[in-house]
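One structure is given below, encoded as C-alpha cells.
Every number in this text was worked out from the coordinates using simple rules, so none of it is lab data. Because the structure is a prediction, the values reported are computed rather than measured. Cβ placement follows ideal geometry from the backbone for every residue including glycine, while neighbour counts extend to all protein chains displayed.
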Amino acid sequence: MTDFQDRVAPANRKIGWIGTGVMGSSMCGHLLTGGYRVTVHSRTRSKAQPLLDRGAQWAEDPRAVAAASDVLFTMVGFPQDVRTVYFDETGILAGARAGTILIDMTTTQPSLSRDIAAAASAKGLSAIDAPVSGGDIGAKNAALSIMVGGDTTSVQAAMPLFELLGKKIVHQGGPGAGQQTKLCNQIVIAGTMVGVCESLLYGYKAGLDLNRMLESIRGGAAACWTLDNLAPRILQRNFDPGFFVEHFIKDMGLALEEATRMGLVLPSLTLVHQLYQTAQTLGHGRSGTHALILALEDLCKVHVSVPPA
C-alpha cells in the first residue's frame, strides 16, 4: 500500500468534502458509510446538516477543510465557484498540506482543471478532475459514471474512494481529460432529452397511451437512461431536480465554447442550448433537466397530461 493509500484508509479517516447539493450530499454520505471521518463545508450550512448529524465535522471555509484533509473532494455549481473554492485567500490551495490529493467532481472548464492541477503541483499537491454522470439517482445509489483526468499514480491511489461513489470509473488521461469526456456526455444527453420530450409531445397529439407507448420504445433501439428515469417523471408532472436546468445550460455552454475553440460547429447542441435557455426564462432554472418539456409545450401550445391510473 502506498503512503497516500495508507493515509486515506478508513482507519485514518481524513477526508474533506465541499459542496452538499442535490448530488454532493449523497456522495459525501457514501464516504461516511464507508467508515471515513469527513470534514465538510457548504455555502449553506443547513444543507450539510444531515451529514453533520451522521458525524461529519463542520469547517468554516475551504481552507480549513483542506488543512484537515489528506484527500479533498469538491462538488460545487459553476466554474466561478470552483475558481473561488480553490484560489481564494480562504480557499483550498491556501490551506492544503503537501501530499494532499484534490478531486474536483464539478463539471467545469477543462482549462480550469488544468490550472488547478498546475497550481497544485507547484505546492506539492495532486489534483484530479472527476466529473460524474447519473444525476440524483446515480448519486443516491452510488452508481455514478466517473470520468477521471489526472496523473496515473494519484488516480490509482484515489480509486478506492471513487469505488464508493460510482460503478463505472474510467481514467481518461491527464488533467482536463475528465472534463472533456463529461462534455461529450452532456452533448449526448442534450440530443437525447429533446428527442424524448418531442416523442412525448408527438405521442400525446397522436392520441396514444403514453405509458404504453414508452413500454414499447424502451424495449427497442430507443432504449436509454432518459426514457427509463426521466420520461416517467414528465408524465407525473414531477420536475424536481436530479440535475438543475441552470447547471445543464452551463455545461452545454462549456461544450459550445470548447467546440468553438476547436473549430467545430455543433448545430444540434446550439438548438437545445437555446431551448433550455427558454425553459430558464419561463422560470424553470432550478427544475430538473426534464423540464425541457415545459419549454416545448409553451412553443407548441400543448400540455401533456396523463389520466390517473
Legend entry - Qualifying lysines (Cα of each under 23 Å from Cα of LYS205; at least 8 residues distant if same chain): LYS301
Inset, instruction - Please give the contour-minus-distance gain from LYS205 to ARG233: 0.36 nm per residue of separation, less the Cα-Cα distance, rounded to one decimal in nm. - result: 8.2 nm
Inset, instruction - Write down the percent of antiparallel bridges among all DSSP beta bridges whose residues are both part of segment 3-174, to the nearest 5. - result: 10
Inset, instruction - Go through segment 197-302 and name the GluC sites (Glu not before Pro) that are in a DSSP coil and have 12 or fewer other Cβ atoms within 10 Å of their Cβ. - result: none
Inset, instruction - With the Cα gyration tensor of segment 55-204 in hand, give its eigenvalues times 5 under a square root as the equivalent ellipsoid semi-axes, listed largest first in whole angstrom. - result: 30, 16, 15
Legend entry - Check: segment 181-300 dipole with +1 on Lys, Arg Cβ and -1 on Asp, Glu Cβ, in debye: 80
Legend entry - If the convex hull is drawn through the Cα atoms of segment 74-133, its volume per residue in Å³: 67
Inset, instruction - Taking the Cβ of ALA117 as the centre, find all other residues whose Cβ is under 13 Å away and add up their charges (Lys, Arg: +1; Asp, Glu: -1). - result: -2
Legend entry - Quarter of Cα convex hull surface for segment 213-309, i.e. mean projection, nm²: 7.4
Inset, instruction - Looking at the chain, send over the antiparallel percent of its DSSP beta bridges, to the nearest 5. - result: 15
Inset, instruction - Distance between Cα centroids, segment 90-127 to segment 147-217: provide it in whole Å. - result: 25
Inset, instruction - Work out, step by step, the length gained on full extension between CYS300 and ASP240: first 0.36 nm times the residue separation, then minus their alpha carbon distance; give nm to one decimal. - result: 19.3 nm
Inset, instruction - Could you check which residue among ILE146, ILE137, ILE103 shows the biggest mean-square fluctuation in a GNM of the chain with a 10 Å Cα cutoff? - result: ILE137
